[in-house]
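For reference, the structure is listed below as structure tokens.
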Amino acid sequence: MASERATVPPDVFVSDLFKPSVDYKDDVGSDPPPNEPNPNPSDSAVPEQEAMDIEPEPPAPDDSPDWRYPLLQRLVDGTLPLDQAEARRVARRVKTFVLLDGEMYKRSPTGILMRCIPRQEGIKLLQDIHLGACGHHAAARTLVGNAFRQGFYWPIAVADATEISPGPA
């Protein structure tokens, strides 16, 4: 109705608000009401902690080597691992990766480049998505899809997401 600027039907109740409907006098912990000067300037110096500042305990350091290292060696130096089976695997996989401005990207089947990130950074990203930064507590494959659509990639993303969001039992 307001967007159409049409007249209000007689059976609809309308009330125009000319002052705030919240009584700020009894609210001790909130900010001062809008358009009113703060009577005590020292009160505004107290820093408030925002909800997004609260961090869960940091993830344990990962002792496994960075998954990007053999691929980066091949892209930068052209060198392969000494193990013949590992060398063949790296040579086959490196065809889908590209190095741009010092960052490694994976080319998706549709041609979109996804930035390759270490596993610990990927786990943190999945936790942020799972805890509601991008919506809701989603299932593992949905979490990975959201991370990949944002342009990030790491090879064991689904396994990491399953640890975070085990899915329906």
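Quick look at the numbers
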quantity: Rounded percent of accessible protein surface that carbon and sulfur make up, the range 94-154, 1.4 Å probe; calculated: 55 percent
quantity: Extended-chain gain in nm, criterion 0.36 nm per residue less alpha-carbon gap, LEU100 and ALA6; calculated: 28.2 nm
quantity: Net length gained if the chain between ASP16 and THR79 were fully extended (0.36 nm per residue, minus Cα distance); calculated: 15.3 nm
quantity: Residues whose placed amide H lies under 5 Å from that of PHE97, excluding near-sequence neighbours; calculated: ARG107
quantity: Solvent-accessible surface (1.4 angstrom probe) belonging to ARG119, in square angstrom, nearest 10; calculated: 60 Å²
quantity: Sequence of ILE164, ILE112 from largest to smallest accessible area, 1.4 Å probe; calculated: ILE112, ILE164
quantity: Additional length obtainable on full extension of the chain from ILE112 to VAL158, 0.36 nm per residue less Cα span; calculated: 14.6 nm
quantity: Charge tally in the Cβ shell below 12 Å around LEU75, where Lys, Arg are +1 and Asp, Glu are -1, LEU75 excluded; calculated: +3
quantity: Mean accessible surface per residue for the range 76-124, computed with a 1.4 Å probe while every protein chain stays in place, in Å²; calculated: 67 Å²
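The values are calculated or read from the model by the stated rules, or taken from the named source; none is laboratory data. If you're wondering where the values come from, they're calculated on a predicted model, not measured in any experiment. Note that we place each Cβ from the backbone using ideal geometry, even for glycine, and neighbour counts take in every protein chain shown. Note: accessible area is taken over every heavy atom of the protein model, side chains too, but ligands, DNA and RNA are not part of it. Shrake-Rupley method; radii C 1.70, N 1.55, O 1.52, S 1.80 Å.
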